[in-house]
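Note sheet for the following structure.
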Amino acid sequence: MDRPYITLRSSIIDTLNDQQLYHMIGHELGHIKAGHILYKSVAMVLMPLLEMLGRRTFGLGDVAQIALASAFFEWSRQAEITADRAGLLCSQDFSTSASANMMLTGGPNRLAHEANEAQFLDQARTYQDMNFMDSIGKMMVFLYYGMGSTHPMPVHRVQQLEQWYESGAYGRILSGNYVKETA
């Protein structure tokens, strides 16, 4: 952990434009600055140990493993939201950061020209504004897709990023109004 580094897959470099890469590099640097690497490393060691414990205790340890795994996955999804904020601080353009997240949704590069940022943002806002009955559907999607995932759904990530951007926190940080670390 003394000499952290970032790795970008060639597919990311091929998919994103230079401005979007600023967001991605900032995102990865945000993980380093926030200490996420240490916690993810600890979790990666603990998960197999808990699995072995579950086998040796006739399944009783599985309860602890499921609870800790669920907590880890939730923490990991929140860590991605934090890292997205760092990405926005590096790109310094909400549209660039939103489009970078949109481009990472997994579609083939040959269809990238069909990606529509305005529709993606509209989908993110709709996701946020769901009423109670729609929230049940949202919960079902989460249980099916997201509960065991280390990353939130892309529309949720962009919705959270837009909410943070519009809250004024982004502007305060850019103007130098934030808690500074002491040496």
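Summary of computed values
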item	result
Helices (runs of 4 or more DSSP H) lying entirely in the range 1-115 (those with 1 or more residues that are within 18 Å of Pro154 (Cα to Cα))	10-15, 18-33, 60-91, 94-103
Cβ pairs under 9 Å, 6+ apart, first in the range 45-63 and at positive phi and at pLDDT 75 or above, second of a type outside the set (Phe, Trp, Tyr) and assigned to a helix (DSSP H, G or I)	none
From Leu60, Leu16, Leu89, residue being farther than 20 Å from Gln160 by Cα and surrounded by 15 or more Cβ atoms within 10 Å (Cβ to Cβ)	Leu16
Qualifying residues in the range 12-38 (those that are acidic (Asp, Glu) and more than 17 Å from the chain's Cα centre (by Cα)) - the one nearest to Ala83 (Cα to Cα)	Asp18
Among (1) surrounded by 12 or more Cβ atoms within 10 Å (Cβ to Cβ); (2) hydroxyl-bearing (Ser, Thr, Tyr); (3) out of contact with any Asp or Glu (no Cβ under 7 Å at 6 or more places or on another chain); (4) over 19 Å from Leu174 (Cβ atoms) - the single one Ser41 does not satisfy	(1)
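The values are calculated or read from the model by the stated rules, or taken from the named source; none is laboratory data. Everything numeric here is computed off the predicted structure, so don't read it as measured data. Cβ: placed from backbone, ideal geometry, glycine included. Neighbour counts: every protein chain shown.
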